[in-house]
Amino acid sequence: MIIKVLGSAAGGGFPQWNCNCRNCASARAGLSGFRARTQSSLAVSADGENWALLNASPDLRQQINENLELGAKCSGGLRHSPIKSVVMTNGDVDHIAGLINLREGQPFSIYGSRQVLETIAANSVFNVVAPANAPRIELPLDKPVPLRGANIDLGLTIEAFAVPGKIALYLETEGANYGSRTGDTIGLRIAAAKTGKEFFYIPGCAEIDPPLAARIKGASLLFFDGTLFTDTEMVAQGLSQKTGLRMGHISMSGPEGSMAAIAPLNVGRRIYVHINNSNPALEDGSDAYNAVTVAGWEIGYDGMEVRL
Ligand code: MLT
Ligand code: MN
Ligand code: ZN
């Protein structure tokens, strides 16, 4: 199984188009230690030929062009794509907008939770990716299912599970939890059918609650929500009034953070993805970067490849 990080940044990417925070300004200026990043997506393949995208980011066209294994093959005929499936983990813009890049009648399958499939069904712009070519398939929760392309078995088993989170920003309503329901945000456990090797992908998560801790305990590989280093960093930098928890994201640091919560769970390789441009760990060698790496975590980057 090959896993590629197509985009390691959170919504907005790094640098973000309208942002002059220290990180964004430094990345835009090309300063060393600040590596630009596209928005949140992974690609996975059991055979190196046929791929599933885990989330479809608004930067997908760039990501396909920067990862040659995802481009049309010369030997594939006039129209071809190695991308056989897209799996979405929530309805956030950074995870669904890239579907629109996949118009042109290519057959592939689209997986998501019931809520996310309802969201794309309710937005007529997504009809440009016609359901006749790109069937929508609801992911059951807590039940491993074979991951299929439109006409092909990808040799991967996928299990979706609900994680604590929040409904997409543009769907928020009044009320204490903004209209969030179980399954608005899911995590994925993906296994190669042949070898049984597996990994977890959880790019959005508000809390490591006991069921989630039990699920990921002993995992050999985890890609996890690295949005913020501290819960209040966007407020402190004057970028937003919102804390991480208000946005549905647990922070890396602190007694309530993901590093502390996951430390006792005997998880092997731990890689942060969906990293917001405000996060000081994006600067190589910063105190935050050092705290993360000393704790045994890796900061994901675009083009990162893991083979299992
Ligand atoms: C998030 O991860 O919280 C969202 O992608 C934020 C957004 O929609 O910009
Ligand atoms: Mn996001
Ligand atoms: Zn910024």
### Summary
Residue pairs qualifying under the 9 Å Cβ cut-off, at least six apart or on distinct chains, with the first in the range 217-242 being more than 16 Å from Cys24 (Cα to Cα) and β-branched (Val, Ile, Thr) and the second being open to solvent by less than 30 Å² (accessible area, probe 1.4 Å) and outside any loop (DSSP other than H, G, I, E, B), are Thr230/Ser251; Thr230/Ala288; Thr232/Ser251
### Task
Look through the range 215-245, keep the residues that are more than 19 Å from Pro264 (Cβ to Cβ) and of a type in the set (Ser, Thr, Tyr), and return whichever of them is most open to solvent (accessible area, probe 1.4 Å).
Thr232
### Lone qualifier among Ile83, Ile100, Ile96, Ile64 - being at pLDDT 95 or above and within 13 Å of ligand 1 (Cβ to nearest atom)
Ile96
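Would you check which residues across the range 279-308 are polar (S, T, N, Q) and more than 17 Å from Pro203 (Cα to Cα) and list them? Show your work before the answer.
To start, the set of residues in the range 279-308 that are polar (S, T, N, Q) comprises 279, 286, 290, 293.
Scanning the range 279-308 gives Ser286, Asn290, Thr293.
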### Query
Out of the range 16-48, which residues are under 21 Å from the mean Cα position of the chain (by Cα) and within 16 Å of ligand 2 (Cβ to nearest atom)?
Gln16, Trp17, Arg37, Thr38, Gln39, Ser40, Ser41, Leu42
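Looking at the range 246-260 only, could you name the residues that are surrounded by fewer than 17 Cβ atoms within 10 Å (Cβ to Cβ) and either under 20 Å from the mean Cα position of the chain (by Cα) or within 16 Å of ligand 3 (Cβ to nearest atom) (or both)? Don't jump to the end; show me each part of the working.
From the range 246-260, those surrounded by fewer than 17 Cβ atoms within 10 Å (Cβ to Cβ) are 246, 254-256, 260; that's our starting set.
The answer is Arg246, and nothing else.
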### Query
Inside the range 1-55, counting only strands (runs of 3 or more DSSP E) that do not spill past its ends, which hold 1 or more residues that are of a type in the set (A, V, I, L, M, F, W, C) and in contact with a Ser or Thr (Cβ under 6 Å, 6 or more places away or on another chain)?
2-7, 51-54
### Message
What are the pairs with Cβ atoms under 6 angstrom where one residue, in the range 150-172, is closer than 25 Å to Gly11 by Cβ and of a type in the set (Phe, Trp, Tyr) and the other, located anywhere, is open to solvent by less than 40 Å² (accessible area, probe 1.4 Å) and at pLDDT 95 or above? Sequence gap at least six, or different chains.
### Response
Phe161/Gly187
### Message
Give me the residue from the range 152-183 that is open to solvent by 10 Å² or more (accessible area, probe 1.4 Å) and within 14 Å of the chain's Cα centre (by Cα) and, out of that set, farthest from Phe229 (Cα to Cα).
### Response
Val163
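The values are calculated or read from the model by the stated rules, or taken from the named source; none is laboratory data. This one's a predicted model, so the numbers in the text were calculated from it and none came from an experiment. Cβ sites come from the backbone with ideal geometry, for glycine too, and all protein chains shown count toward neighbours. Heavy atoms of the whole protein, side chains included, go into the accessibility calculation; ligands, DNA and RNA do not. Shrake-Rupley method; radii C 1.70, N 1.55, O 1.52, S 1.80 Å.
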